[in-house]
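Please read the structure below before turning to the comments.
Please treat every number below as a calculation from the coordinates, not as lab data. Source: prediction; values computed, not measured. FYI the Cβ positions are ideal-geometry reconstructions off the backbone, even for glycines, and counts take in every protein chain you see.
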Amino acid sequence: MKRIVLFVAAACSCSLVQAADLLGIYKDARVSDTKYAGARYQLEAGREKLPQGRAGLLPTLSLNGSSSYLNMDATLPTSRKYDYNTNSYSLQLTQPLFRWQNWVSYKQGELQASLAEVQFAAAEMDLMLRSTQAYFDLLNAQDVLNVVTQLKTAAGEQLQLSKKSFEVGTVTVTDVNDAQSRYDIAAAQEIAAQNDVNVKREALRVLTGKEPPVLAKLRTGVNLTPPSPADAEQWAQAAQQGNFDVQAQQLTTEIAAREVERNRAAHLPTVDAVGSYTRYHAGGSTSSVTESRYSDWSVGVQATLPLYQGGGVQSKVRETVALAEKAKDDLEGAKRTAGQTARQSYLGVTSGIAQIKGYEAAVVSSTSALESNKLGYQVGVKINMDVLNAQSQLADTSQKLAKARYDTIMAQVKLKQAVGSLSMKDLEEINALLEH
């Protein structure tokens with residue numbers, strides 16, 4: 001028996017040492033989360049827009065070659081037979097001098113590469129948010145399960161006590177039935193709570209790609225600080241400028257405006273510098289020993305002026321103008337959404353802190369009420385139902401206090417994300433609130 005006790009104690013100690021914290025979960029998510037991995041590849045693809053746009057401003061070099069065999073019989077005015085090979089190749093260099101479409105495409109490439117960077121930064125913040133949400137969702141589900149299990153245990157104790165009291169005639173059968181009902185309800189709630197824990201564990205497993213370990217819990221009596229500055233409108237204005245969705249839409253709007261300019265440039269002339277070198281060789285025939293060889297090179301300027309293309313250019317211009325206007329409206333919508341999210345998150349933090357204080361006081365009073373009802377039941381001035389109600393109230397208040405803390409922390413994270421300032425430092429500060 002002593003060995004078993006020592007083994008259990010060692011196992012409990014080991015589980016405490018190996019408890020994972022928020023930073024550990026986030027690091028695992030960075031490696032395994034498929035959405036974040038897709039964002040990394042999207043960033044690599046987006047960066048290629050810059051060299052693709054630049055390519056339209058740089059020279060192009062092409063090599064062409066041909067080889068042919070000729071067999072011809074001629075009867076007039078004299079009979080002759082020609083049978084020879086012809087070989088040629090040419091090298092051509094083209095340097096754009098004025099192609100306004102290409103210049104606009106290069107500028108679009110710069111904007112698209114910047115857009116890819118902004119979108120990836122937003123994906124990193126989203127991963128921080130999702131990791132924190134999954135972490136505290138599981139903690140909250142475990143808290144609910146612990147509370148319900150404790151309530152079931154207490155209901156079971158009261159049920160046994162009421163049965164014994166009924167046997168000696170100090171309580172009625174109604175008290176026993178009430179205690180049985182409370183116990184059955186608690187048992188059903190425990191099953192539901194366990195299922196919710198399993199669901200939340202699975203969500204964390206999908207995020208990290210591994211079986212979730214034991215999670216470090218929030219330290220008892222954690223104090224959360226209110227937002228600074230203490231003004232929701234200042235946070236909303238900051239979100240309308242710094243939010244990554246807003247920044248991405250701003251770049252998208254600029255790209256759309258450049259697209260209008262690029263399509264309008266299809267009316268403009270193009271000027272290229274062209275240089276070429278050609279070498280030609282024709283072999284002699286069976287009727288003649290004549291053999292020809294020559295080579296030439298040329299340098300010049302080539303200009304093209306589009307006159308009419310079936311109305312397609314004007315149609316493309318009208319299309320891109322409409323899309324540019326849509327992008328402007330999308331930008332305004334993104335700013336409004338960012339401001340609304342910042343306001344809601346700010347209120348979530350401030351109201352959450354107030355709720356935490358209220359629930360902390362309620363836990364103290366509920367604990368006192370439970371002790372008073374237990375004492376009253378022992379001396380016969382309280383009935384079994386009073387004790388069960390006091391137990392339920394304390395359990396419910398304790399669980400709401402824990403959830404208020406989780407929700408307030410998540411509101412802080414969402415507020416930082418809304419203004420585009422969420423960083424590893426914020427996760428480290430949250431991580432410092434956990435038991436290690």
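Based on the Kirkwood radius over alpha-carbon pairs, what value in µm²/s does the Stokes-Einstein equation return for the translational diffusion coefficient of the range 372-436 at 10 °C and 1.306 mPa s?
Values: Rh = 15.0 Å.
Rounded to a whole number, D works out at 106 µm²/s.
With distances taken between every two different alpha-carbon atoms, the range 300-387 has a Kirkwood hydrodynamic radius of 20.5 Å.
A straight chain from TYR89 to LEU347 at 0.36 nm per residue would run longer than the Cα-Cα distance by 85.4 nm.
Considering only alpha-carbon pairs that sit under 8 angstrom and 6 or more positions apart, the relative contact order computed for the chain is 24 percent. Altogether, the Stokes-Einstein calculation at 25 °C and 0.890 mPa s, with the Kirkwood radius of the range 115-235 over Cα pairs as Rh, returns a diffusion coefficient of 133 µm²/s. Calculated over the range 56-171, the projected area of the Cα convex hull averaged across directions stands at 22.0 nm².
Highest mobility in the GNM of the chain, judged by mean-square fluctuation with C-alpha springs under 10 Å and restricted to GLN302, GLN234, GLN52, is found for GLN302.
How big is D, in µm² s⁻¹, for the range 320-436 by Stokes-Einstein at 25 °C and 0.890 mPa s if Rh is the Kirkwood radius over C-alpha pairs? So the translational diffusion coefficient is about 138 µm²/s.
Placing unit charges on C-beta atoms (Lys and Arg positive, Asp and Glu negative, everything else neutral), compute the dipole magnitude of the chain about its Cα centre in debye, rounded to 20. All intermediate terms of the calculation are to be shown ahead of the outcome.
Details: 45 positive and 45 negative charges, 111 e Å.
Its charge dipole is roughly 540 debye.
LEU422 sits among other residues whose Cβ lies under 15 Å from its own Cβ, and their net charge, with Lys and Arg +1 and Asp and Glu -1, is -1.
For VAL214, the residues whose modelled amide H falls within less than 5 Å of its own, excluding neighbours fewer than 5 places apart on the same chain, are ALA20. DSSP loop trypsin sites (Lys or Arg not before Pro) in the range 144-181 with at most 12 other Cβ atoms within 10 Å of their Cβ, which ones? Nothing satisfies the criteria. With the convex hull of the Cα atoms taken as the outline of the chain, the averaged projected area works out to 41.3 nm².
I need the Debye-formula profile for the range 254-400: one equal scatterer per C-alpha, no solvent, reported as log10 I(q)/I(0) at q = 0.10 1/Å, two decimals. So the normalised log intensities work out to -0.75.
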